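Report on the structure given below.
The values are calculated or read from the model by the stated rules, or taken from the named source; none is laboratory data. Just so we're clear, the structure is a prediction, and the values are computed from it rather than from any experiment. As a convention, Cβ positions derive from the backbone with ideal geometry for all residues, glycine included, and neighbour counts pool all protein chains shown.
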Amino acid sequence: MTSTPPFTSTPALATTPAGSAASATTPEPTSEPARRPSTFAALRIRNYRLYFGGQVVSNTGTWISRIAQDWLVLQLTGSPLAVGITTALQFAPMAFFGLWGGLIADRYSKRRLLMITQVVMAVLATVLAVLALTGAVQVWHVYAVALGIGLVTVVDNPARQTFVNEMVPRDLVRNAVSLNVGNFQMARLVGPAVAGVLISAVGVGLAFAVNAVTFVAVFCALAAIRSRDLVPSAVAPRGRGQVREALRYAVAEPRVRWPIVLIFFVGTFGFNWPIILSAYTQQEFGGQAQVYGWLNTALAVGSLAGALLAARTTSSRLWVQFAAALGVGLLILAMGLAPGIAVFVVLLVATGVVSIMFNSLNNSTVQLATDPVLRGRVMSIYMLVFMGGIPVGSLIIGAVTDAFGPAVSQTISGVIIVVAALASGVIAMRQAGLRPHLDLHRESGHLMTITPVDERVRAA
């Protein structure tokens, strides 16, 4: 029996139905360079280097604010569910308006859109800082600011996700996307620790003020980018049915469809860290702000390592995404069963590595598989499913955590992700005409091979 290469983006997986929207526009070739790029290859590009530097500062401020926000809500309400509501309000707008945000990103200059969104976010951060510093803040103020940030993110996210394609050549897109993720995780490494110190020393108000100032760095970086060095994406013409066109494309193209399915389950049930870590801190590990900061830092260490590993990866094989999703589920399940803080922290680091590798590879695979004219809308679908699922997960996990504790909610989340990854992988292989075959005699040197269905029939 002859085995086929392991579950790659083969023609069987890439074929789209005739007459569908996807067949009307053919994506750019997705062949990867034979030689792995260096970890920081995209930073050789001046425009990307400027953008990356601005994001380092701004993302650090974002993490400082995020930790302060979660802690403030806990102080005001004492409820992990309230933290979940805050998270839900921040991500819910993507579920309702995300597709139209992607359409805006496809129609207008991504650089200008990003400059506008940074200004609006800076204003919202300033409002929250003033309320906290004056002692007038109430929980509904935090809810309102979270909702405002969510509305801005509807446009900011697809514009930011796809802007990388205008700054770097195609063969460095996967590397740049991974470095963007690493940038965010590097900020997570620093931000929570700084937030813990600020909250303990002077309170949450100054933390929000620091975040407001950091948006200036991104605005200045965007202003300094040389327009002549950019390669603008194709602009989507005005017309009817453009959102439906992107939806049809995402459903028809397997290299887009399955990453979106996986990110829904992993994002909804695996990325509820504000709820989980704050609840573990309060209910299991002593209730100190510094401990909450340390747990977030441990997660960031693993996440940064995962992003740097992903930056050197060139594979677009779908089985890697399924395996990574399965790994995330198993690690989260193990965290729910951890006997103490030492084991919990080790598993937290490992979960950070695997989850960010999964997220980075998923993101770049979708971008590279998508026609440039549709990229903003398709990425908005991706982010809609990812960020739109988080409010659902936040409410469910927040309620379960309130009722049964964080360990039970982590165990349930891990089981759901494991089952979803295994079931999706099996369905994807069947749709591609592939079947796994267990070789107990190991005559081929492999315990399991994957073969086309018709070949299995001939062999029989």
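To keep it simple, each residue is scored yes or no on (1) under 30 Å from residue 408 (Cα atoms); (2) touching a residue at least 24 places away in the same chain (Cβ under 8 Å).
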{"site": "198", "(1), (2)": "no, yes"}
{"site": "202", "(1), (2)": "no, no"}
{"site": "248", "(1), (2)": "no, yes"}
{"site": "254", "(1), (2)": "no, yes"}
{"site": "265", "(1), (2)": "yes, yes"}
{"site": "279", "(1), (2)": "yes, yes"}
{"site": "288", "(1), (2)": "yes, no"}
{"site": "292", "(1), (2)": "yes, yes"}
- prompt: Quick one: is residue 433 modelled with pLDDT of 85 or more and small (Gly, Ala, Ser)?
  reply: no
All conditions in (1) surrounded by 18 or more Cβ atoms within 10 Å (Cβ to Cβ); (2) at pLDDT 85 or above; (3) farther than 28 Å from residue 186 by Cβ are true of residue 51 except (3)
Apart from one, (1) outside any helix (DSSP H, G or I); (2) surrounded by fewer than 20 Cβ atoms within 10 Å (Cβ to Cβ); (3) in contact (Cβ under 8 Å) with a residue 24 or more places away in the chain all hold for residue 135; the odd one out is (3)
Considering the range 25-44, residues that are in a loop (DSSP other than H, G, I, E, B) and either among the charged types (D, E, K, R) or at pLDDT 90 or above (or both), and then whichever is farthest from residue 172 (Cα to Cα), we arrive at 28
Counting only helices (runs of 4 or more DSSP H) wholly inside the range 242-339, the ones holding at least 2 residues that are modelled with pLDDT of 80 or more and more than 20 Å from the chain's Cα centre (by Cα) are 242-252, 273-283, 289-311, 318-336
Of the listed residues (13, 74, 89, 99), the one being at pLDDT below 50 and in a helix (DSSP H, G or I) is 13
Whether any residue in the range 225-241 is surrounded by fewer than 24 Cβ atoms within 10 Å (Cβ to Cβ), assigned to a helix (DSSP H, G or I) and touching a Gly at 6+ places or on another chain (Cβ under 9 Å) is what I want to check. no
Across (1) in contact with a helix residue (DSSP H, G or I) (Cβ under 6 Å, 6 or more places away or on another chain); (2) within 26 Å of residue 79 (Cβ to Cβ); (3) surrounded by fewer than 17 Cβ atoms within 10 Å (Cβ to Cβ), residue 288 clears everything bar (1)
Does the range 274-285 contain any residue that is surrounded by 23 or more Cβ atoms within 10 Å (Cβ to Cβ), within 18 Å of residue 397 (Cα to Cα) and small (Gly, Ala, Ser)?
yes
Note: among 114, 128, just one is surrounded by 19 or more Cβ atoms within 10 Å (Cβ to Cβ) and in contact with a Lys or Arg (Cβ under 8 Å, 6 or more places away or on another chain), namely 114
Note to self: Suppose the filter is in a helix (DSSP H, G or I) and modelled with pLDDT of 90 or more; does residue 129 pass it?
What the structure shows: yes
Listed by first then second residue, the pairs whose first member lies in the range 406-421 and is more than 8 Å from residue 336 (Cα to Cα) and crowded, with 20+ Cβ neighbours inside 10 Å, whose partner is at pLDDT below 90 and charged (D, E, K, R), with beta carbons under 7 Å and at least 6 positions apart or on separate chains, are none
Within the range 368-412, residues closer than 16 Å to residue 269 by Cα, over 17 Å from the mean Cα position of the chain (by Cα) and polar (S, T, N, Q) come out as 401, 409, 410, 411
Return yes when residue 384 is modelled with pLDDT under 80, under 15 Å from residue 255 (Cβ atoms) and in a helix (DSSP H, G or I) and no when it is not. no
